[in-house]
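Participant: Encoded as structure tokens, here's the structure I'll be asking about.
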Amino acid sequence: NAEFLGWFTEATGGTQVTENDVFTETADKTYYAHWEITEVFSVTVPVTLPLVVDESGEVHVGTAEIINASTGEVVVSAVSISTKNGWQLVPFDTDMAHEKVDAQLLGFKINGAQTTKNGNAETFALSAPWEIAENSRMTLSYDAVVSAVSKAITEQEVLSVVFVLEWRGE
């Protein structure tokens, strides 16, 4: 991630040596390569966060991570979710045992942030931005609670998660 600027007479600064320069010295001489770092913003976020609910209402989650391949730190400053296909967000700590079967209620938690209100869309209140160092990864630990269902939910989209990223590169 660097661009070659040319050869110079000093390690820092100095005069650039070009193809037009004529050298008449016979003693050893050192020339220094100068480079300019190319700033790169390259982050991979998960396309899906697998979540399966079986007939007994047990939630099964997968693994996911955000990969920062940038030349600087990346910060997840906000996470927002919205429900799909008739599902409704509820606080993650909702006691689902008292909810109706097939009520399509969903509480969601990711890296400690969790749903706290009712509705179809919510921005999680992160206690602090999630910082991901240059060339590092951040594991996403997530979970959900759902109201009882009469059949397993395996192929239906139930929510959408959006990560808001900021780059703190130079």
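The values are calculated or read from the model by the stated rules, or taken from the named source; none is laboratory data. Just so it is clear, the model here is predicted, and its values are computed rather than measured. Glycine gets a Cβ as well: all are built from the backbone with ideal geometry, and neighbour counts include every protein chain shown. To get the accessible areas, we keep the full protein, side chains included, count just its heavy atoms, and leave off ligands, DNA and RNA. Shrake-Rupley method; radii C 1.70, N 1.55, O 1.52, S 1.80 Å.
Participant: For LYS109, what accessible surface area do you get with a 1.4 Å probe? Give it in Å², rounded to 10.
Facilitator: 70 Å²
Participant: Okay, next question. Check each of the GluC sites (Glu not before Pro) in the range 1-64 and keep only those in coil by DSSP with at most 12 other C-beta atoms within 10 angstrom; list them in order. Provide the component values of the computation, followed by the final result.
Facilitator: On the way: sites: GLU3, GLU10, GLU19, GLU25, GLU36, GLU39, GLU55, GLU58; in loops: GLU10, GLU19, GLU25, GLU39, GLU55, GLU58.
Those that pass, being in a loop and sparsely packed, are GLU10, GLU19, GLU25, GLU39, GLU55, GLU58.
Participant: Quick one: ranking THR116, THR83, THR38 by accessible area, 1.4 Å probe, largest first, what do you get?
Facilitator: THR116, THR38, THR83
Participant: Right, here's the next one. Just to be sure I understand the curve: with the Debye formula and one point per C-alpha of the chain, what is log10 I(q)/I(0) at q = 0.08, 0.11, 0.13 Å⁻¹?
Facilitator: -0.42, -0.59, -0.72
Participant: Let me understand the range 1-40 better: what is its radius of gyration from the alpha carbons, and its Dmax, in angstrom?
Facilitator: Radius of gyration, then largest Cα-Cα span, for the range 1-40: 12.3, 42 Å.
Participant: So how many Lys-Lys pairs in the chain land under 27 Å Cα to Cα, not counting same-chain pairs under 8 apart?
Facilitator: Close lysine pairs found across the chain: 10.
Participant: How big, on average over all directions, is the shadow cast by the Cα convex hull of the range 69-170, in nm²? Could you put the intermediate results ahead of the total?
Facilitator: Details: hull surface 28.6 nm².
Approximately 7.2 nm², given one-decimal rounding.
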